[in-house]
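Reviewing the structure listed below.
The values are calculated or read from the model by the stated rules, or taken from the named source; none is laboratory data. Here the structure is a predicted model, which means the values were calculated and not measured. Virtual Cβ from ideal backbone geometry, glycine too; neighbours counted across all protein chains shown. Side chains included, ligands, DNA and RNA excluded: accessible areas come from the protein's heavy atoms. Shrake-Rupley method; radii C 1.70, N 1.55, O 1.52, S 1.80 Å.
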Amino acid sequence: MKNSARKYVSVKMILELCASVVIFIGITLYTSTDYYTYSTSYEHIRAACTPGNVATKAAAVIPNYSRNHSFFLQLSDYFWTQTSSLYALPYGTKGSEELIMQALARTNHYHIPQEIDRLQCRRCVVVGNGYRMKNSSLGEIIDKYDVVIRLNNAPVHNYEKDVGSKTTLRLFYPESAHFNLQLENNPETLMVLVPFKGPDLQWLKAILNDEKRIKTGFWRRPPLIWKVKPENIRVLNPYFMNVAATKLFTHSDKTKKISLKPTTGLMSISFAIHFCDLVHIAGFGYPAPSNKTHPIHYYDKSTLKHMAASGHKVPIEAVVIKNLLQHNIIQSLTYF
């Protein structure tokens with residue numbers, strides 16, 4: 001009888017120990033998921049924001065960091081006195097001044113919406129297009145930020161649970177403008193053109209003035225019909241692409257030639273750390289270079305093979321983003 005009791009106690013202890021181990025493992029897996037727990041409520045996001053926080057940390061890491069630059073191009077800079085630039089597009093405006101004036105003549109809007117401009121602390125999230133957004137259930141969290149920045153033609157419709165439904169700014173270029181404006185954006189969303197080359201500005205000018213569309217100079221034909229209110233269009237200052245290519249990459253070239261070509265994602269982070277007081281990112285990162293079959297987007301089956309001819313230095317960009325994360329200039333909602 002005593003032996004049976006001892007066996008019962010031993011079995012019970014083992015079961016309790018196993019249960020404790022299972023609970024511990026479960027807690028460990030939960031707390032090491034892709035998401036930071038402090039970002040699960042608006043109160044936490046709000047409390048995490050301190051005016052000037054990102055600027056202070058960025059200035060300690062990024063050479064010659066400055067917020068004394070306009071966010072968007074404006075006609076007066078070129079109509080009255082042409083703004084001098086050392087670089088051509090996409091890193092500067094040298095040689096494209098006339099095209100810029102023509103494109104901005106119809107949509108000379110460069111201000112920030114008042115509801116954002118008057119914020120004491122701008123809480124921003126840059127939503128990447130990476131596969132890890134799939135089944136992330138981050139949509140509700142993303143929609144709580146003051147400013148939600150999206151990239152290119154990444155869809156929102158039917159993906160709201162994972163990526164949210166709010167879009168404050170959508171950064172794009174003509175070839176990536178293949179989306180339903182009304183379905184994938186909010187009525188007040190700012191469509192921010194990232195001009196990589198002269199034809200990008202010519203495309204915008206033709207769209208706004210309903211002129212004959214140009215069909216050459218693009219790696220993929222951009223939309224011939226693109227209905228958007230002129231007051232919702234902005235043209236991004238190439239300064240932020242320049243920062244991404246020369247300062248975030250710690251690249252120095254005395255010949256004034258820039259060989260690195262940042263992705264729209266890295267350039268958007270560059271913009272955000274100049275525009276916001278708190279910068280979170282989500283959905284960034286690619287599969288290992290050896291994995292050529294894993295999807296790179298949450299919404300299609302594109303793989304790293306599709307990026308082979310893009311000229312983007314994905315491994316280098318990963319190092320750049322990790323460096324920004326390590327210095328707490330930005331924080332990630334998904335594992336990077």
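With respect to Leu181, determine if the residue is touching a strand residue (DSSP E or B) at 6+ places or on another chain (Cβ under 8 Å) and either at pLDDT below 95 or among the small types (Gly, Ala, Ser) (or both).
Here the answer is yes, as Leu181 does meet what is asked.
Can you pull out every residue in segment 84-115 that is surrounded by fewer than 17 Cβ atoms within 10 Å (Cβ to Cβ) and in contact with an Asp or Glu (Cβ under 8 Å, 6 or more places away or on another chain)?
His111, Pro113
Has segment 277-290 got at least one residue that is acidic (Asp, Glu), open to solvent by less than 60 Å² (accessible area, probe 1.4 Å), out of contact with any His (no Cβ under 6 Å at 6 or more places or on another chain) and assigned to a loop (DSSP other than H, G, I, E, B)?
First pass over segment 277-290, keeping only residues acidic (Asp, Glu): 277.
Narrowing further to those that are open to solvent by less than 60 Å² (accessible area, probe 1.4 Å): 277.
Restricting the remaining residues to those that are out of contact with any His (no Cβ under 6 Å at 6 or more places or on another chain) gives 277.
Next, from what is left, pick out any that are assigned to a loop (DSSP other than H, G, I, E, B): 277.
Among the residues of segment 277-290, at least one is acidic (Asp, Glu), open to solvent by less than 60 Å² (accessible area, probe 1.4 Å), out of contact with any His (no Cβ under 6 Å at 6 or more places or on another chain) and assigned to a loop (DSSP other than H, G, I, E, B), which makes the answer yes.
Would you pick out the residues in segment 97-152 that are within 19 Å of Phe179 (Cβ to Cβ), among the small types (Gly, Ala, Ser) and touching a Lys or Arg at 6+ places or on another chain (Cβ under 7 Å)?
If the condition is that a residue be within 19 Å of Phe179 (Cβ to Cβ), among the small types (Gly, Ala, Ser) and touching a Lys or Arg at 6+ places or on another chain (Cβ under 7 Å), then Gly139 is the only one that fits.
I want to confirm something. Restricting to segment 123-145 and keeping residues that are open to solvent by less than 30 Å² (accessible area, probe 1.4 Å) and part of a loop (DSSP other than H, G, I, E, B), which single residue is farthest from Leu171 (Cα to Cα)?
Residue satisfying both the conditions and the ranking: Ser136.
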